[in-house]
1. When the residues of segment 42-92 are filtered to those that are surrounded by 10 or more Cβ atoms within 10 Å (Cβ to Cβ) and among the hydroxyl-bearing types (S, T, Y), which remaining residue is nearest to L12 (Cα to Cα)?
2. Does L80 satisfy the condition of being assigned to a helix (DSSP H, G or I) and closer than 25 Å to S3 by Cβ?
3. How do the pairs read when you match residues in segment 21-41 that are over 25 Å from S11 (Cβ atoms) with residues anywhere that are assigned to a loop (DSSP other than H, G, I, E, B), using Cβ under 8 Å and keeping only pairs 6 or more apart or on different chains?
4. Take A32 and decide whether it is of a type in the set (A, V, I, L, M), out of contact with any Ser or Thr (no Cβ under 7 Å at 6 or more places or on another chain) and assigned to a loop (DSSP other than H, G, I, E, B).
5. Pick from segment 4-33 the residues that are modelled with pLDDT under 85 and surrounded by 12 or more Cβ atoms within 10 Å (Cβ to Cβ): which of them is farthest from S55 (Cα to Cα)?
6. Would you confirm whether or not segment 45-52 contains a residue that is in contact (Cβ under 8 Å) with a residue 12 or more places away in the chain, of a type outside the set (D, E) and part of a loop (DSSP other than H, G, I, E, B)?
7. Return the pairs, sorted by first residue and then second, in which the second residue is of a type outside the set (S, T, N, Q) and surrounded by 10 or more Cβ atoms within 10 Å (Cβ to Cβ), the first residue lies in segment 70-97 and is free of Cβ contacts under 8 Å to residues at least 60 places away in the same chain, the beta carbons are less than 9 Å apart, and the residues are 6+ apart or on different chains.
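The values are calculated or read from the model by the stated rules, or taken from the named source; none is laboratory data. Keep in mind that what you see is a predicted model, and the values were worked out from it rather than measured. Backbone-built Cβ (ideal geometry, glycine too); neighbour counts: all protein chains shown.
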Amino acid sequence: MNSTIAKRIGSLAVIVAGLLSAVLAPAGGNTASWRWFGLFLIVLGVYFLLGQKASPEQRTAEAQKRKDNPPLRWYQSPILWVPVVAAILAILSMLVV
């Protein structure tokens, strides 16, 4: 496995662990320390993820991929359709109940 891929997966795993520890803090009197620990893990994972450099081969491959694939049209964009689907599901859930 490529070392940069392993580093990226590792930093994403640290971010996910931080999210889980921040959100799913154990019940009890000391949940603030778990939330701070989760925030620390999130910041640490983002720092390592943003600190990685792409190799020249990766940059040329990405540039070629962008050149080969045309940009999406407005009606193909998930930014448009995700809220539309969410609104339709919300309306359907109100009608069913």
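1. Of everything passing the filter in segment 42-92, Y47 is nearest to L12 (Cα to Cα).
2. Spelling it out, it is not the case that L80 is assigned to a helix (DSSP H, G or I) and closer than 25 Å to S3 by Cβ.
3. Qualifying pairs under 8 Å: T31/A25.
4. In short, no.
5. In this case the residue turns out to be T31.
6. Scanning segment 45-52, I find at least one residue that is in contact (Cβ under 8 Å) with a residue 12 or more places away in the chain, of a type outside the set (D, E) and part of a loop (DSSP other than H, G, I, E, B), so the answer is yes.
7. W74/L80; Y75/W81; P78/L72
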